[in-house]
Amino acid sequence: MSTNFEKHYEEKVDDCNLEQLRDILVNPEGKSPLANRFRALFNLKTAASDFEAHPEDAQKAVEYIAAAFVDNSELLKHEVAYVLGQTKNMGAAPLLREAMLDAAQQPMVRHEAAEALGALGDLNSLDALNQCLKNDEHEAVRQTCELAIERIKWQHSDLAKKESLQTSLYSSIDPAPPLSLEKKYNLKELQDLLNDQEQPLFMRYRAMFRLRDIGTDEAVQALATGFNDPSALFKHEIAYVFGQMGSDAAVPALTEVLGRLEEAPMVRHEAAEALGAIASPEALPVLKQYLNDEVDVVRESAIVALDMWEYENSTQLEYAPA
């Protein structure tokens, strides 16, 4: 989910306490629209992130967020895992490990739980990540574990303290840091590294985030070449990055990827959300085409993306809390 998405959904839900937000998120009566459930989720994230000032409320918020792991919506549960990883609250780590190792959870949820553990930088999760890396049957989950392990090791290394990294325009904790500024790269070199399947995945991700931070239309075109990769995980991250960048230059590539009916759902879903975050006029008719998509996570992503598109293109919208 892009930075714009997060800002949108973090807008405060008026007159709701933590328990009311939990009830909107968990939706026991099945009456809360999906967009409002996302709004409750990101409001709970704000509380969960405030663990230094309000530790008891923060822990309650973590537990209320994790209560949604039993939901039927793969999209919502994957967003639950993402949010827990972004809180920096280590109280979320045991709940994320449980979700990651639960074979009954969908691969997209397990993948996001693994990525969230990497975002937390939790050394105590390395054993569980290595177990998942060895045993999970789904390639995207195993690749995510590989990235999360490398990210945790990097975060706790001397290298992380010494490297000169570009100050990010984005609030997210990413699966890998951008390549260090100490080495000068041109766009061609970064594109080549991005697409070099002989390189470790962590290094390719670092090239990806360096290109994101460059942010030009030329960088967008270089990133779009990653959509030819065989890895669904890699392609989904390219789409995520485009959603962060918010560049109209990415719309044609995202539209093409969303239209690949044979493509992995995790890639198509991320392309839909990115189009909603970019919120260009061209994105609207594209998203409307997928409101009845046969794949649940793509259809739900189109719903959420249209909510975002409408928000970005109107100052008149108001949201009910339930």
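The values are calculated or read from the model by the stated rules, or taken from the named source; none is laboratory data. None of the values given here were measured: they were computed from a predicted structure. Note: ideal-geometry Cβ built from the backbone for every residue, glycine included; neighbour counts use all protein chains shown. Protein only, heavy atoms only, side chains kept; ligands, DNA and RNA dropped before computing areas. Shrake-Rupley method; radii C 1.70, N 1.55, O 1.52, S 1.80 Å.
Observations on the model:
- Excluding ligands, DNA and RNA, the accessible surface per residue across the chain is 43 Å² with a 1.4 Å probe.
- Label selected from [x] 56, 51, 41; [y] 70, 51, 33; [z] 52, 46, 36, the criterion being Cα extents along the principal axes in Å as computed here: [z]
- Charge dipole (the chain, unit charges on Cβ, about Cα centre) - positive-most of MET208, GLY246, GLN59: MET208
- Per-residue surface analysis assigns MET203 an accessible area of about 60 Å², computed on protein heavy atoms at 1.4 Å probe radius.
- Lys, Arg +1 and Asp, Glu -1 on Cβ, resulting dipole of the stretch 74-114 about Cα centre, debye, nearest 20: 140
- About the centre of its Cα atoms, the stretch 47-180 shows a dipole size close to 320 debye [charges on the beta carbon of Lys, Arg (+1) and Asp, Glu (-1) only; nearest 20 debye].
- Here GLU310 sits with roughly 90 square angstrom of accessible surface, probe radius 1.4 Å.
- Computed [θ] at 222 nm, helices only, for the chain once each DSSP H run of length n ≥ 4 contributes -39500 (n - 2.57): -19000 deg cm²/dmol
- Debye, to nearest 20: dipole size of the stretch 226-322, +1 on Lys, Arg Cβ, -1 on Asp, Glu Cβ: 100
- Here is the tail figure for the stretch 16-71: Cα pairs spaced more than 15 Å apart come to 39 percent of all pairs.
- For the stretch 125-229, the Kirkwood hydrodynamic radius from C-alpha pairs, put into Stokes-Einstein at 37 °C and a viscosity of 0.692 mPa s, yields a diffusion coefficient of 223 µm² per second.
- When peptides 82-93, 216-227 are sorted by average Cβ neighbour count within 10 Å, with the highest value leading, the order is 82-93, 216-227.
- Listed peptides 287-300, 116-129 by packing density, highest first (mean Cβ within 10 Å): 116-129, 287-300
- Cα gyration tensor, the stretch 222-307 - rounded (a/c under 1.5), prolate or oblate: oblate
- Extension gain, THR225-VAL295: 0.36 nm per intervening residue step, less the Cα-Cα distance, totals 22.7 nm.
- Result for the chain in a Gaussian network model with C-alpha springs under 10 Å: among ASP102, ASP158, ASP50, the largest mean-square fluctuation is at ASP158.
- Among ALA232, ALA176, ALA104: highest mean-square fluctuation, GNM of the chain, C-alpha pairs under 10 Å: ALA104
- The mean sequence separation of alpha-carbon pairs under 8 Å and at least six residues apart, normalised by the residue count of the chain, gives a relative contact order of 15 percent.
- Taken over the stretch 59-194, the percentage of Cα pairs per 10 Å bin, counting from 0 up to the bin with the maximum distance, is 13, 40, 31, 14, 2.
- Of the residues LEU117, PRO177, GLY276, the one whose Cα sits farthest toward the positive end of the charge dipole of the chain, with +1 on the Cβ of Lys and Arg and -1 on the Cβ of Asp and Glu, is PRO177.
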